[in-house]
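Bear in mind that the values in this text are calculations on the coordinates, not laboratory data. Note that the structure is predicted; figures quoted are calculated from it, not measured. Cβ coordinates were reconstructed from backbone atoms using ideal geometry, including for glycine residues, and neighbour counts include every protein chain displayed.
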């Protein structure tokens, strides 16, 4: 996409332009200069933090991009690229780059317990095993932060009772604070109230030291405890100093594994090759739910798209007659669901399906636990999609029907075709030509319709043996739960499923688009 | 009479049945919004009383005003910017012949098949770094979220617009070029005004899509003051589902207002442009 020819047939055909016209009017030149100046200003602004943090690769990319853009808009050449550059830069930064990053994560075990390096895992294990032993050094403790008292990163300000020396400790270790004034050194000391709100965090917080770590005991005292587990370089293992038990490092899974197969919770990130992909396909505990979810995902996308299309078309045809009075009123009211915010209406529908005080049960006098059974939950979410989606199809089908000349169906009537026959043979094929591309993009959209499930059933009902995969889960909500859910994040595995979803949608769309004339235009 | 039933009556029957289906949830929302008790369990299809209590509570007790402003700014700026970026690219794809054009067009379509929010882990990690380096465009800011949404500016909309550009006769730009107009003048002065209908439609669709976007915004905006309407309203009923239902419905009705206004504003273009395609749900 980057290499371009000079101009096209259009520019080649024109006579050599007069020099004073090439740059455009003075106002246009001024505008261009302002925009380029702005771009330079933004680049300079962005450069300072990069230099400060010594991110040289980032700086190089920034300089190269800025220089490239300046060249592009100052040279008279590369005209198409001038028009493509703004979108392309944003596309690369916020779509291509995240997609490639996701794809590369899929080949690792990245996730909770496997975030950092092996060194970080060792420090975390040693720090977590610290206990208070007789003779532990005691300190006076103040809990502080460098940021907001409610959310900022914690810092332990400890005072040595003998020397009165104040030190600041965080996950990186201890640093001496000059003087005794915490505020002057840039720390905000938490009040007792603020600290007690974050007590769980404070209890878990530990400052690594040479032989162990400093931990809090209450909110105003701290002790330097001894690590119960230490890393032994000789056997590349973690040894428990009291029991003598060892866990040996296993580089293939990125964890310390004991003799009986027991793993320590803190591991590190390693490449696992195609492990995540084969896990999706071969592990029976995962492959079963994955296939079931895939089948339902297709059913949901087809039913949502097909259902809205059929209802919208039926409605458009019903109102496509001069003899129907009040057509305008019908149309205005019928497209109202399209104007309502869909995220909010999904939540309203969720509450309308509530078993105890939901409107649906109330209207029909029934007592159905809609989201409790697989079938009723699936019907419910499709019904909701029908409500949200049909007005759009109705608008589109109305437009397409009006574009079809009436003479066509009248002629078929004269030739002896029935009303239905005329519709099926004449009107419908013409409609499909116009609407097929829409149906394809609607299918692709519904295939990954995260909101439709996450804001209504949240995937429920869940089978008793698998709380991670429910009956109405789409692949996308299933992936979201794996990546961000409460059961521990597994980004690598989630990324692998993302790639499967991408391949499925891309293949389905590619096959469908081949059948439409849209793709032909590319070849013209 | 039977003839009337066969030719017109069924049309009214279909209309009325679908109308009931369409209106029940909306009537329910209106009724819950003016319900003085403001709870889900006391909400009925037919209102039992009327008060503006839910609306006043919404503005007094929650950050609704703030969410509303956030949503309007983010949706309006991203819709306008993405339409402009898309139109630029569509012009290049439609009017210029260059190496990589075909590949570029297909790539634009293919990348969209990988929905942006599947890459949410990567986006989260990228913006964690961005927040450290440049807090002004990091988490909880308008500009960061807008930039993120603009990453999807080149996409299906570009295809829609390219199709529209293709229908304009080339003789237009050729004659302008003969008269000495530069490519920028051809684009801004001649073509852009002519494609106004499709610009209006893509702007509307982008606006609706952005103002309803929940997933990315939910990860991106954690600070109470920076939330958009979906994130804020979701928070209202996520915990206190029953008690806040009236406020939530009041918020829903208010959220529909900008969409309806934009729809009205662009209405004369909508019917033509909509057939060009997009989705909502």
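General observations
- Stokes-Einstein diffusion coefficient of region A:25-105, Kirkwood radius over Cα pairs, 4 °C, 1.567 mPa s, in µm²/s: 90 µm²/s
- Here the translational diffusion coefficient of region A:130-227 follows from Stokes-Einstein with Rh set to the Kirkwood radius across Cα pairs; for 10 °C and 1.306 mPa s it amounts to 119 µm²/s.
- Extension reserve of the residue A:51-residue A:245 stretch, reckoned as 0.36 nm per residue once the Cα distance is removed: 65.2 nm
- Extension gain (nm, one decimal) between residue A:146 and residue A:27, 0.36 nm per residue minus Cα-Cα: 38.0 nm
- Among A:432, B:23, A:345, a tally of other beta-carbon atoms within 10 Å of each Cβ gives an order, fewest to most, of A:432, B:23, A:345.
- Calculated mean residue ellipticity at 222 nm for the protein assembly as shown: -18500 deg cm²/dmol, from DSSP H runs with n ≥ 4 weighted as -39500 (n - 2.57), summed, divided by the residue count and rounded to 500.
- Region A:284-523, relative contact order [Cα under 8 Å, separation at least 6], %: 24 percent
- Percentage of interatomic Cα-Cα distances in region A:284-523 larger than 34 Å: 28 percent
- Equivalent ellipsoid semi-axes, region B:1-47, via Cα gyration tensor eigenvalues times 5, rooted, Å: 36, 7, 6
- Global geometry of chain B, whether rounded, prolate or oblate, following the gyration tensor of its Cα atoms and the 1.5 cut on a/c: oblate
- Point-to-point label distance, residue B:42-residue B:172, nm (Cα→Cβ direction, 7 Å offset): 5.9 nm
- Residue ranges A:158-166, A:312-320 sort as A:312-320, A:158-166 when ordered by packing (mean number of other C-beta atoms within 10 Å per residue, highest first).
- Peptide B:152-158 shows a mean partner chain C-beta count of 4 within 10 Å per residue C-beta.
- Ascending count of other beta-carbon atoms within 10 Å, so fewest first, for A:38, A:346, A:90: A:38, A:90, A:346
- Convex hull volume of region A:101-146 per residue (C-alpha atoms, cubic angstrom): 139 Å³
- For chain A, the longest principal axis of the Cα atoms and the long axis of helix A:342-352 meet at an angle of about 80 degrees.
- Selected from B:136, B:122, B:196 as most flexible by GNM, with chain B as the system and alpha-carbon contacts under 10 Å: B:122
- On Cα atoms only, tilt of A:79-91 relative to the major axis of chain A in degrees: 50 degrees
- Relative contact order (%) - criterion: Cα under 8 Å, at least six apart; region: region A:87-198: 17 percent
- Residue-span extension gain [residue B:73 to residue B:136] - 0.36 nm each, minus C-alpha spacing: 21.1 nm
- Averaged over B:236-243, number of beta-carbon atoms from partner chains that fall within 10 Å: 2
- Sites residue A:75 and residue A:415, calculated FRET efficiency, Cβ-Cβ separation with R0 60 Å, nearest 0.05: 0.40
- Within region A:28-49, backbone nitrogen closer than 18 Å to the virtual label 7 Å beyond the Cα of residue B:192 toward Cβ: A:28-39
- With Cα atoms, 0 to 90° folded angle of helix A:56-74 axis to chain A main axis: 30 degrees
- Order of A:394, A:450, A:484, A:364 - criterion: other Cβ atoms within 10 Å of each residue's Cβ, fewest first: A:364, A:484, A:450, A:394
- Counting only other chain Cβ atoms within 10 Å of each residue's Cβ, the peptide A:242-251 averages 0.
- Surface/4 estimate of mean projected area, convex hull on alpha-carbon atoms of chain A, nm²: 40.4 nm²
- Structural descriptor for region B:64-274: relative contact order 34 percent, calculated from alpha carbon pairs under 8 angstrom and at least 6 residues apart.
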